[in-house]
Amino acid sequence: MKTKKTLKSRIKTLKAILYVVMLFWVVILIYTIYDFIINEINPYLVLALILLVTSMTIIRQIKAAQEKKLSELEDNKD
């Protein structure tokens, strides 16, 4: 029972972290587009976008693994 609650808590935490990272990604993407229109493209902003996309992918994979563990745990209890 405690493991089930722990996994649900981890999934909620990963979901919240993912939403925060997505928010930063959108803000940096909008600023990068604005900066590209006004000046030239800033390589640091592009690097930040790439790192944020990579971290979002990693967080999604970890979240999917936790959800899989939770579903397996629920299936075994039945």
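Principal-axis analysis of the Cα atoms of the chain puts helix 43-77 at an angle of about 10° to the longest axis. Assuming charge only on the beta carbon of Lys and Arg (+1) and of Asp and Glu (-1), the dipole of the chain about its Cα centre is about 660 debye to the nearest 20. Between LYS12 and VAL26, the distance separating the two model label sites (each 7 Å from Cα on the Cα→Cβ line) works out to 2.3 nm. Relative contact order of the chain, taken over Cα pairs closer than 8 Å and 6 or more residues apart, is 48 percent. Only lysine pairs 8 or more places apart, or on different chains, with alpha-carbon atoms under 15 angstrom apart are counted in the chain, and they number 21.
A short reminder: the numbers here are calculations on the coordinates, not readings from a lab. Quantities reported herein were computed from a predicted structural model and do not represent experimental measurements. Counting neighbours? That spans all protein chains shown, and the Cβs are built from the backbone with ideal geometry, glycine included.
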